[in-house]
């Protein structure tokens, strides 16, 4: 189900919040930039954590992430995750 507040800003905010909470140790979502590396100095997101956080993003936004958007993609920054969520949201609209 599509949530009414799923504007690009809202989706980015949710993605940053979920990524920050999933990092070990947790990070401040307000401090994350779109080009923040998922596995860098501030964030520590591994491949298993990535799957878990994608499920959480789906639950919090109501956006089903389209499987075809993952083909041939690598996820290295916050923006990579946000782009998939925004594209899935637009496709569902």
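Taking neighbour counts of Cβ atoms within 10 Å as a proxy for exposure, in what order, fewest first, do 84, 45 appear?
84, 45
Cut-off is 10 Å between beta-carbons; in what order do 85, 55, 15 appear when sorted fewest neighbours first?
Going from least to most buried by this count: 55, 85, 15.
Could you work out how far apart the two model spin labels at residue 30 and residue 80 are, taking each label as a point 7 Å from the Cα in the direction of the beta carbon, and quote it in nm?
Those two pseudo-labels are separated by 2.8 nm.
Based only on other Cβ atoms within 10 Å, what is the fewest-to-most ordering of 28, 80?
If I rank by nearby Cβ atoms, fewest first, I get 28, 80.
Say R0 is 35 Å: what FRET efficiency, to the nearest 0.05, do residue 48 and residue 93 get from their beta-carbon distance?
0.70
In square nanometres, what is the average projected area of the Cα convex hull of the chain?
Here the figure is 5.4 nm², rounded to one decimal.
Note down the relative contact order for segment 1-50 as a percent, whole number, built from C-alpha pairs under 8 angstrom at least six residues apart.
28 percent
In nanometres, what is the gap between the two model label sites at residue 68 and residue 41, each 7 Å from Cα along Cα-to-Cβ?
If labels sit at residue 68 and residue 41, their model points lie 4.1 nm apart.
By how many degrees, between 0 and 90 and to the nearest 10, does the Cα long axis of helix 78-92 differ from the longest principal axis of the chain?
10 degrees
For the chain, what's the relative contact order in percent, using C-alpha pairs closer than 8 Å and at least 6 residues apart?
So the answer I get is 36 percent.
With a bin width of 5 angstrom, please list the P(r) values of segment 53-93 as percents of all Cα-Cα pairs, from the 0 bin to the one holding the largest distance.
For segment 53-93, the pair-distance distribution reads 5, 25, 36, 26, 7, 0.
None of the figures in this text is laboratory data; all of them are computed from the coordinates on show. It should be emphasised that the depicted structure is a prediction, and the values quoted were computed from it without experimental measurement. Glycine gets a Cβ as well: all are built from the backbone with ideal geometry, and neighbour counts include every protein chain shown.
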